[in-house]
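All of the numbers you see were taken from the coordinates with simple rules; none came from a lab. On a predicted model such as this, the values are computed, not experimentally measured, just so you know. Quick reminder, even Gly has a Cβ in these numbers, built from the backbone with ideal geometry, and neighbours come from all protein chains shown.
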Amino acid sequence: MIRAAFLLALVVMLVAAARSFLPEETSLVGSGATLAFGFVLLAALQSGTLFSGLRLPRLTGYLVCGFIAGPSITNLVTERMLGDLRLVNGVAIGLIALSAGGELSFRRIRGRLGAILATGGGALLTAVVVITLAVLAASPLLGFLGAMPWSQRAVVALTMGVVFSALSPTVTLALISESGAAGPISEMSLGIVVVGDLVIVLAFAAVHALASSTFGQADAGGLSALLWHLFGSIGAGVLFAVVVLVYLKLVNLRVPLFVFGMCFLCAEAGTRLDLDPLLVCLTAGLFLENVTDVQGDKLVHEIQPAAMPTFAVFFAVAGAGLHWAVFQLVAPIAVGLALVRAAALYGGGRLGMALGRVPPAERRWLHFAFYSQSGVAIGLAILLRERFAGWGEPASACILGGVMINEMVGPLLFKTALAQSGEAGRRTGPSAAQAVAH
């Protein structure tokens, strides 16, 4: 732990010195992106080691490191550098999503599929309804809603309710991998958050069309673009899986490098074809595990050595993208929304667990997987800001403020639940963290 603190301080001093020689507008074609990537990777890994020594999630260390190094605090990693790292971010999301899909075997959870759907459905439906009602009740405090007629306020509140109910497959998988957890809670958690976020994306497509109609905006292909974004990504994921399957059958050499290259291709193509690397790679992992004779968990094990640095860069960049100035403006609303969301997910999840006949011992811990948020919620909030003039920006700011809270608190709660339930450390084979450490 002392060694990690020393190395972190050394990296920060070296980067601060080097940063002074780089202009603010440094871009990907120069050395700024290399400096940013190297600093984020090294500093995040050492921060993760420090937080692990304090019995806190490594993931929280990555987020805190990125937040402090980002534009909001020290500006060691500038806004332009964050833009340069978006491609790396896409690759990281791809690897994490591929691992999530490969770990989720429908054969293993077939007997618990009803419990997963009941729990996830109860939690998400309750969250959407309660958050929508909370936004409506708080509309006198939200200036951008006050002047709207009731029908428009209801649509905006429903849209915010859908977006803010999003879960986080990336955080869930990262913490399960980091803690080496295995068991019914881990499997159900992963199933609930993966299926839940697919449902949220579909629901967003519906409320987006409703909002466009209510506010008299030309859709400009918005609904069709969202449907392409969803189903086109799923189709591309099946193609991805077929390519990987053929490679494994015919070549089967340097598989981690090939998979990394495919994730890079998905991230690069996604920016041009409006495809989502998360959905593409998640579909590929699910297809390989559940449709082909390739064992997805073995494929995941082969790419585990790349998992820890992938998680470190992804979550550090996510932390750097949190804007403290924006959060301060909406802090009371954001805190209130985060508390309402947590209460709704807890209550709806407990009801769903009862309907799904989840064993009482698992009910105590399973709901802790619901509170984290990350990429999907952030991406949908940004879409609101871009597509709805007037109310989109303030609504997005309120949502992102709440996501900032959940992004910091949720991982700590879930890791504690995995440890207290006895599932942490039960995975056979080395965890991602162990693979890197050795």
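Here are the numbers for this structure:
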item	result
³J(HN,Hα) computed for each position of the stretch 76-84 - Karplus, 6.51 cos²θ - 1.76 cosθ + 1.60, integer Hz, glycine/proline x	5, 10, 7, 4, 5, 5, 4, x, 5
Förster radius 25 Å - calculated FRET efficiency between Arg108 and Leu355 (Cβ-Cβ, nearest 0.05)	0.70
Ranked list, fewest to most other Cβ atoms within 10 Å of each Cβ, for Asp274, Asp84, Asp197, Asp293	Asp293, Asp274, Asp84, Asp197
Order of Leu257, Leu145, Leu227 under a 10 Å beta carbon neighbour criterion, fewest first	Leu257, Leu227, Leu145
Label-point separation in nm, Ser213 to Glu79, each point 7 Å along Cα→Cβ	3.7
Neighbour-count order for Met160, Met408, fewest beta carbons within 10 angstrom listed first	Met408, Met160
Hull shadow area, averaged, the stretch 150-305 [alpha-carbon convex hull, nm²]	10.7
Residue (of Ile68, Ile116, Leu98) at the positive-pole extreme of the stretch 40-147, dipole from beta-carbon charges	Ile116
The stretch 103-175 pair-distance distribution - Cα-Cα, 5 Å bins, rounded %	3, 15, 17, 17, 14, 10, 9, 7, 5, 3, 0
Volume per residue that the Cα convex hull of the stretch 299-406 spans, once the total is divided by residue count, Å³	156
Length added when fully stretched, Arg426-Ala343, from 0.36 nm per residue minus Cα-Cα	26.9 nm
Cα-based Kirkwood hydrodynamic radius, the stretch 53-103, one decimal, Å	12.7
Gyration tensor (Cα) of the stretch 242-314, equivalent ellipsoid semi-axes in angstrom	19, 16, 12
